[in-house]
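The values are calculated or read from the model by the stated rules, or taken from the named source; none is laboratory data. Every value quoted in this text rests on a predicted model; they were computed, and no experiment measured them. Quick reminder, even Gly has a Cβ in these numbers, built from the backbone with ideal geometry, and neighbours come from all protein chains shown. Areas reflect the complete protein model, heavy atoms only, side chains present, ligands, DNA and RNA absent. Shrake-Rupley method; radii C 1.70, N 1.55, O 1.52, S 1.80 Å.
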Amino acid sequence: QVQLVESGGGLVQPGGSLRLSCAASGNIFSDNAMGWYRQAPGKERELVAVITSGGSTNYADSVKGRFTISRANAKNTVYMQMNSLTPEDTAVYYCNVRLFSKLVQGRAYDYWGQGTQVTVSS
């Protein structure tokens, strides 16, 4: 089983920064993607950023230029640096790991962290 441990959430003032970390343990396939989703009150869950084991990234339009996702493959850890935070960034952030099977094309396995609260408020 795969377990995800998140850290770095908290309360920050508008314009401030936070850095989220998510460490994955267990049977992590070499072909994978790690990312962050968020869900604000009354909103549906949305992809914030994702990075593959090959290093390619994708960001939600709302965070481009402000957030940076990175990873340390040897540690199976994903980071997200969040700068210029606004109240609209307030949400529960969930770490996600998607593992791609080497044996079956198109088969993937998703694992989720418990979520960490990010609150941007003065």
*Note down the magnitude of the dipole of the chain about its Cα centre, charges +1 on Lys and Arg C-beta and -1 on Asp and Glu C-beta and zero elsewhere, to the nearest 20 debye.*
260
*Can you tell me the alpha carbon radius of gyration of the chain divided by the globular rule-of-thumb value 2.2 N^0.38 Å?*
1.04
*Selected from TYR109, TYR79, TYR93 as most flexible by GNM, with the chain as the system and alpha-carbon contacts under 10 Å*: TYR109
_Kirkwood Rh, angstrom, the stretch 1-65 [1 / mean 1/r, Cα pairs]_ = 13.8
*How much of VAL104 can a 1.4 Å solvent probe reach, expressed as accessible area in Å² and rounded to 10?*
60
*Per residue, how big is the convex hull around the C-alpha atoms of the stretch 33-87? Give it to me in cubic angstrom, could you?*
82
